[in-house]
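> My questions all concern the structure below.
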Amino acid sequence: MTTRARADQWAPPAGTDVEMIKVGPHWDIVRAPADLGERALELLGDTSGAVIADYGLMYWFIPSGHAQYWGRLHNGIHALGAHGAEVTYVGVPPANWTEGPRLHWRTPASDDRYLTDPHRLRLALARALAEPAEEATAR
């Protein structure tokens with residue numbers, strides 16, 4: 001299930017260049033390698049919120065404050081939030097950048113597709129990580 005965002009809270013940049021936006025005030029980010037991210041995106045289906053892709057990485061928007069609960073993750077998956085003294089910025093492309101390979105919206109943000117449920121995302125990424133091991137034992 002995605003979380004509906006109000007347009008007055010945050011919207012993707014409307015300009016012509018990437019904007020560096022501070023993680024935390026509006027959302028946290030989960031970053032994963034593109035191979036895992038594509039499998040997770042497929043598993044999430046319509047329950048995925050907006051996703052940014054940039055060459056070999058994918059970025060999901062999750063509710064602000066949830067990154068701190070992800071703990072240590074593996075295989076290049078990182079939860080980025082504004083907890084503690086850490087300040088993180090993420091490059092966000094203009095809303096109309098929907099093709100890559102450069103930074104672009106893999107799944108564009110909209111009023112009904114914005115934040116991804118962090119629990120569903122974690123499960124999808126865990127399944128994506130487990131798939132290669134299952135394929136190897138099936139051979």
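The values are calculated or read from the model by the stated rules, or taken from the named source; none is laboratory data. These numbers were taken from a predicted model, which means no experiment stands behind them. Here the Cβ positions follow ideal geometry from the backbone for every residue, glycine too, while neighbour counts run over all protein chains shown.
> Suppose we filter segment 93-118 for residues that are part of a strand (DSSP E or B), touching a Pro at 6+ places or on another chain (Cβ under 7 Å) and under 18 Å from GLU19 (Cβ atoms); how many remain?
Of the residues in segment 93-118, 2 are part of a strand (DSSP E or B), touching a Pro at 6+ places or on another chain (Cβ under 7 Å) and under 18 Å from GLU19 (Cβ atoms).
> Kindly indicate whether LEU73 is within 20 Å of ARG127 (Cβ to Cβ), more than 12 Å from the chain's Cα centre (by Cα) and without any contact (Cβ under 8 Å) to a residue 60 or more places away in the chain.
Yes; evaluated as a whole, the condition is true for this residue.
Conditions (1) at pLDDT 95 or above; (2) under 18 Å from PRO93 (Cβ atoms); (3) crowded, with 16+ Cβ neighbours inside 10 Å, marked per residue:
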{"residue": "ASP8", "(1), (2), (3)": "no, no, no"}
{"residue": "LEU41", "(1), (2), (3)": "yes, yes, yes"}
{"residue": "LEU44", "(1), (2), (3)": "yes, no, yes"}
{"residue": "VAL51", "(1), (2), (3)": "yes, yes, yes"}
{"residue": "MET58", "(1), (2), (3)": "yes, yes, yes"}
{"residue": "PHE61", "(1), (2), (3)": "yes, yes, yes"}
